[in-house]
1. Per residue, how much accessible surface does the chain expose to a 1.4 Å probe? Answer in Å², no decimals.
2. Quick one: with all protein chains in place, what share of the accessible area of the chain is carbon or sulfur, to the nearest percent (1.4 Å probe)?
3. For D46 and A124, compute 0.36 nm times the residue count separating them, minus their Cα-Cα distance, and round to one decimal in nm.
4. Of F82, F29, F67, which is the most mobile in a GNM of the chain whose springs link Cα atoms less than 10 angstrom apart?
5. If the viscosity is 1.306 mPa s and the temperature 10 °C, what Stokes-Einstein diffusion coefficient in µm²/s follows for the range 58-133 when Rh is the Kirkwood radius over Cα pairs?
6. Per DSSP helix of 4 or more residues, -39500 (n - 2.57); summed, then divided by the residues of the chain. What does that give at 222 nm, rounded to the nearest 500?
7. Using only the Cα atoms of the chain, build the gyration tensor, take square roots of its eigenvalues as a ≥ b ≥ c, and label the shape rounded, prolate or oblate: rounded if a/c is under 1.5, else prolate if a/b is larger than b/c, else oblate.
8. Suppose each label sits 7 Å from its Cα in the direction of the beta carbon; what would the N6-I56 distance come out to in nanometres?
Amino acid sequence: MLVDSNNPGVIDYQDAVVGPVTYDLVSLFKDCYIEWPRSKVEDWLDRYLQLTSIDIPVERDRFIRWFDLMGVQRHLKVLGIFARLNYRDGKSQYLNDLPLTLNYVIDSCKQYEELSPLLDLLEATVLTHSEAS
């Protein structure tokens, strides 16, 4: 990839597997270390749908839903990884990335009614605990 400096930029594929079509998009557009405006993310998703060579017979709203739900799964996994890196490996710097990663989950839970039980659980446990800190 071409980037502003230190070209070329390299994407790490060490965990590459065949999986949901939205997984890599979530990894890029809902990165745990940088937040992009939602409007920009949706523009990128629209462009992906227009330019992809993958045969995806799906309407835009459904694809965005898949993207958001895949993001919830991925970010819950990452929250656990970051916690493990802190507690088991003593790498506390990953705790700095918990708020953005958790915010992605919260935002999707607020957007999709079927995720309201997860939001309730997070509000009763994680969010209550973090507000007290």
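The values are calculated or read from the model by the stated rules, or taken from the named source; none is laboratory data. Please read all numbers here as calculations on a predicted model, not as lab measurements. Every residue, glycine among them, receives a Cβ derived from its backbone with ideal geometry; neighbour counts consider all protein chains shown. These area figures cover heavy atoms from the full protein model, side chains too; ligands, DNA and RNA do not enter into them. Shrake-Rupley method; radii C 1.70, N 1.55, O 1.52, S 1.80 Å.
1. That works out to 69 Å² per residue.
2. Numbers: 5000 of 9160 Å².
For the chain, the apolar C and S fraction of the accessible surface comes to 55 percent.
3. Gain in length upon complete extension: 24.5 nm.
4. Sorting by GNM fluctuation, first place goes to F82.
5. Numbers: Rh = 13.4 Å.
Translational diffusion coefficient: 119 µm²/s.
6. Numbers: 6 runs with 75 residues, N = 133.
Computed ellipticity for the chain at 222 nm equals -17500 deg cm²/dmol.
7. Numbers: a/c = 2.03, a/b = 1.26, b/c = 1.62.
It comes out oblate by the Cα gyration axes.
8. 2.9
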